[in-house]
1. Would you please state which residues of region A:198-239 a label at residue A:164 would reach in this model, taking the label point 7 Å out along Cα→Cβ and a backbone N cut-off of under 20 Å?
2. Starting from the 7 Å offset along Cα-to-Cβ, what nm value, one decimal, do you get for the label separation of residue A:450 and residue A:320?
3. Grab the alpha carbons of region A:337-406, take their convex hull, and tell me the volume per residue in Å³.
4. Quantify how strongly other chains surround peptide A:318-325 by giving the mean number of their Cβ atoms within 10 Å of each of its Cβ atoms.
5. With the Cα gyration tensor of the protein assembly as shown in hand, give its eigenvalues times 5 under a square root as the equivalent ellipsoid semi-axes, listed largest first in whole angstrom.
6. Provide a whole-number value for the mean count of partner chain Cβ atoms within 10 Å of the Cβ atoms in peptide A:139-150.
7. At 0.890 mPa s and 25 °C, plugging the Kirkwood radius over alpha-carbon pairs of region A:162-271 into Stokes-Einstein gives what diffusion coefficient in µm²/s?
8. Shape of region A:418-541 from its Cα gyration tensor (a ≥ b ≥ c, root eigenvalues): rounded if a/c is under 1.5, otherwise prolate when a/b > b/c, or oblate?
C-alpha cells in the first residue's frame, strides 16, 4: 500500500476504484462510493492473488461474488458490471508480467466463479429473507390471532355479562344472536318461546308512531341509530317496557350489514313513575283527584280557546263538629262516603270531582252547556248530601255550602277562579249553609279588598303609611280646647286614605294592632310633647288615644305606656286612654289590673262608646275610669229641633249618674250649635264633633288651641 | 366507532405494504409479489424510487452518526419498517456500542421481523404502535426500559410523515412527542415533496397515485409545510435541504439526481 501509484498496490487500488465506480450507481447500500471502494480492495486483492498464484484456484472468485451480496449489492447489474470490470481491467492492473494468454484464461475462470458465487449467495440470501418475512408474517398472524381471540373473548364477556339486553339482527330483521340479559327480559329464549325471530313482528299496540319508520330508515342505511321507548310482549304475555337503542353496523366498505339493539328494562321504573304520578295527583284517603290534578284540569279548561267552565266549591257544614264529637276515624269515613257520592254526581264527560283538603271538594264541568250544567251539578250534590249517612250506627245528615263560578275560558287564572268560588262558598255558608250561591264579582271585589288590606298591613307599618289626625275636645262651659283625640289613618297607595273602621278590625284580627297601637301612642305623645315645649304658656292640653281590646290583653301594655311617657317626657296626666265599654264588659280583675296601674300613675281612662254595651252600671264603680264618652247615637236625637225628649232624658240621667260617681262626661258627634247648647245645659263637660272641628293635622289643632288661649 | 387499542388490525398479505415495498426498492427480499407489483408500478412513473430510498438510508446513516458525535446515545425510530441493512442500531451501535434504540412500527409483520432481528440485542427494542397515538409509544414498556427521557434522544421520523394525512394531525403528534424530549434532543426527518424530483410533477404524481390505490396515500408537502414540523427546534446546519445536500460525505455532484428529491433536516430542541 505504501508504494507509488505505479507499484502493484497502487495498481490494485486503481482497479478497485474503477470497479467501485462501475457498480456504485447500481448498489442499494447506504455506503458512499469511497466506502464501497474500501470494501472492494480486499476483494480485488483476492482476485489478484488468485490470478497470479502459482497454482490457480478459481474458488477465490466465488468468495468475491458472495462478498458483494454481503454488502447488499444484490442487483444483478452489480454482477454484470463487476464482470465487465474484471474482464477489462483485472489482467491489465493486476496481471503483473505474467503470461497474457494464461492470465486472460484465469480471469475468465475467475469471472465464472464470481458469477457462481454471487448467484449462490444471492439465492441463499433471497431464500433466507423470504423465509424470514414469511416467518415474520406467520408470527404476526399468530400474534394478531391471539389478540383477536382475546378481543373476541372480551367482547363475548361484555355481551354475555352485560346487564343491558343486547341483540344482533340482520337487515331483514332476523334476530341472529341475543344475550342472556335480553333472554331474561323477555322471560325466555327466543327459540323455545315460540316467539318469531323476525324483529319487525315484535310490535306492540303502544308503539310510538315513529318507531317503525325509524326502523325502516335504519335498515335502509339512511340512519345510523335511533333511540325510543318501546314496549314488547314477554313470553307470558305481560308487557316489557324498554329504552331501546338500535345502531346500524356497517362492513369495512361502509355497506349496512347488521343492526345492533341495546335494551334497558324500564318496566319497573315506568310502573313506579306511574304510581308516583298517581300518588302525587290523588288524595290518599278518598282516592279522588287532589288539588294538583284539579289545577291541571282547570288550567287546561281555562286555556281552551272558546271553552267555558263551571265550578262548584263545596264545603261541608258542621264537619268540624262531627269530627270533634265522633272522632277522626268517623270523620274520615264520612269524607269517604261523601267522596263516593260526589263521584256519582259527576259522571258525564268533562266532569270531575276533586278533594282540595279537609272537607273541601270541587266539582268541575267543561261540558257544552256549563251554565245549565253547573247549576244542575250543584243541585245534584246538595240533594245527594241530603240522604243521611250511616256511620257507627248513627244516621248523620251532612249539609254543604257551594260556591259556583261559571264563565268563559281565557279570562281568569285558575287561582282567581278558585278564590272566587271560595268566597262565594263562604257567602252561601254565612247565609245559613245547605245552599249554593253564584259568584258575584262585586262581592268578590269587596272580600278581595279586605283580604288585600289584611295582607298589606304589616308592610304598611314598615313603610310608614299610617298617620294621625287629631280631633279637638272642647270644654262645653267656655268653648276652650281641652285636648284632642288621636285618630289613626292609613294612606294606602292604591285605595287612598282609609279610616280606622276599614283596617282596625283587620289589625285586631291579625294581632298587628299591638305594634300599630304602640306606634299611635308614641306618635301622639311625641307630638303633644313637642307642642308643649314650643308653647309653654299655652296651658295643659290632653291627648286621648284609643286602646283596642287586643291591646288591653297584651302583657306589655303598662310597660310600653310608661316607657313611652318617660322616654318622651310627657306627664301621665296629659294622656287619656280610651277603652270601649264592650271591651270591659265582664272584665275580671286580671284584665282591670293594668288599667288600675295606669290610673294610679295618673293616666286618665275614658270609657268609650258608653251606652252601647249594656254595661252593668253597678260595675262602673269598680272600673278605674275617670270619664265617660257618650256614644254618638245619643246625641243624634238632639240634632233635630226640638230635641228627642227620650234621648234628652237618657243623657240627663247618665250625666247625673256620672257626676255622682265623680266621672266627667264627654259627648261625641256634636254637629250643630243647638246640639252643643242643649248638651251644655244637660251638664256635659266636654264635646267633640264636626261642629267644632273635623279631625286634622296637629297644626290645625294647635291653631285652635292657641286662638282659644289668647282669645 | 374507533377500534379499541387492544384490537389489532388483521394481517392481509394480499395488500401491498409500504414497508415491504421499501425493502424491495432497497434490493431486499423481505417482500411478496403484491408488494413488488405495486413497487414496480410506482417505478414505472418514478424509476428513481430505489435511489430516493437509498438516499434516505444514507441520510439517516449520516444523521445518526452526527447524533452520536453530538453525544446522543438514545434513539427513537418511528416507522422503522423492515430493516434490510444500515439500520439505526447497526449504525449507532457501530459508533457507540452502548447506544440504545427503540423502534416503532404499526405493521405487525415489521414488528415480528424486527423482534427476530433484534433478538439478543439488549440495547434495542421494538414497539407495535402508531405515530398517531403518541401516548401508546411513550407509554410502552420498550421506551420505559430502553430510554431515559431526562437525557437527550434523537427522534427519527425518516420517510414516515408523508404517510400521515393532515386529518390525522401529524403536527400534533410530532409536537406531543417532542414535548417530552429533554433539551438537546434531536428530531431527524425526511419528507417526500415534488421539489427536487427530476421529473415533471404530473409524472411523479403517478407514483403518488399508486400509493393512493393501495390505501396508503403518499402526502406530498411543500417545503414550508415540512418546515412547520421543526417549529420549536433550532435547525442544525445546513437546515432543511435535499437529502443529498445534508452534510454529505462525498461531493453531492457524484450523487444520483434522484437523491435530491424531497427534504431532509435535523432540529435541536433548545
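Every read-out reported here was derived from the displayed coordinates using simple, explicitly stated rules and does not represent laboratory data. Bear in mind that the values here come from a model prediction, so they are computed numbers and not experimental data. Positions of Cβ are backbone-derived with ideal geometry, glycine not excepted, and every protein chain shown enters the neighbour counts.
1. Flagged as within label range: A:211, A:214-215, A:218-219, A:223-232.
2. 1.6 nm
3. Details: hull volume 5.7 nm³, N = 70.
Convex hull of Cα atoms, per residue: 81 Å³.
4. Values: counts 0, 0, 0, 0, 0, 0, 0, 0.
That average works out to 0.
5. Working: eigenvalues 2857, 356, 94 Å².
Rounded to whole Å, the semi-axes are 120, 42, 22.
6. Details: counts 8, 13, 7, 3, 8, 8, 3, 1, 6, 4, 0, 3.
For peptide A:139-150, the averaged partner shielding equals 5.
7. Numbers: Rh = 14.1 Å.
Stokes-Einstein gives a translational diffusion coefficient of 174 µm²/s.
8. On the way: a/c = 3.61, a/b = 2.48, b/c = 1.46.
Since a/c reaches 1.5 and a/b is larger than b/c, the shape of region A:418-541 is classed as prolate.
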